[in-house]
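*Asks:* Below are the C-alpha cells for one structure; questions will follow.
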Amino acid sequence: MKKTWKWLKISWLLFYILGVTFFIAWIGYISWATITDKNAIENSRAVNTLSIVFGIVSLPAALIQLISLIDLNSKKEFKVTTVCPHCRHKVDLTLKET
C-alpha cells in the first residue's frame with residue numbers, strides 16, 4: 001500500500017509539473033503570436049481572450065492577498081533558543097507583540 005501511495009504521489013507531481021509547464025508555454029506562445037501578428041492585434045477577440053486568460057491566471061494570487069489581509073491584525077509570536085552567557089544552558093525565549 002505504501003509503494004502504491006508513493007507512486008501515486010510521484011505520478012501526480014509529474015503530471016502537475018508538466019501541466020503547469022505546458023500551460024505557461026501555451027500562454028507564452030499565444031501572447032507571442034498575438035503580439036507579432038498584425039491582424040491579431042487589430043482583432044479585438046484575440047486581445048480580449050488574452051486579457052481574460054491573464055485575468056483568470058492571476059485570480060489565485062489576488063485571493064491569497066485578500067485572505068492574508070484577514071490575518072493582518074493578529075499578534076505575532078517569536079520563539080528563539082539561545083545559550084545563557086553565564087551557565088551555557090540552552091534557554092527558550094518567547095516574545096509576543098503588544
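The values are calculated or read from the model by the stated rules, or taken from the named source; none is laboratory data. Just so you know, these numbers come straight off a predicted model, no measurement behind them. Counting neighbours? That spans all protein chains shown, and the Cβs are built from the backbone with ideal geometry, glycine included.
*Asks:* Restricting to region 27-43, name every residue that is in a helix (DSSP H, G or I), surrounded by 10 or more Cβ atoms within 10 Å (Cβ to Cβ) and either touching a Leu at 6+ places or on another chain (Cβ under 7 Å) or free of Cβ contacts under 8 Å to residues at least 24 places away in the same chain (or both).
*Replies:* If the condition is that a residue be in a helix (DSSP H, G or I), surrounded by 10 or more Cβ atoms within 10 Å (Cβ to Cβ) and either touching a Leu at 6+ places or on another chain (Cβ under 7 Å) or free of Cβ contacts under 8 Å to residues at least 24 places away in the same chain (or both), then G28, Y29, I30, S31, W32, A33, T34, I35, A40, I41 are the ones that fit.
*Asks:* Could I ask something else about it? Answer with yes or no whether F78 is modelled with pLDDT of 85 or more, out of contact with any Cys (no Cβ under 8 Å at 6 or more places or on another chain) and closer than 30 Å to T94 by Cβ.
*Replies:* yes
*Asks:* What pairs come out if I take residues in region 1-23 that are within 17 Å of V57 (Cβ to Cβ) and pair them with residues that are modelled with pLDDT under 90 and surrounded by 10 or more Cβ atoms within 10 Å (Cβ to Cβ) whose C-beta lies under 9 Å away, six or more apart or interchain?
*Replies:* Partner pairs satisfying both residue conditions: F23/V57.
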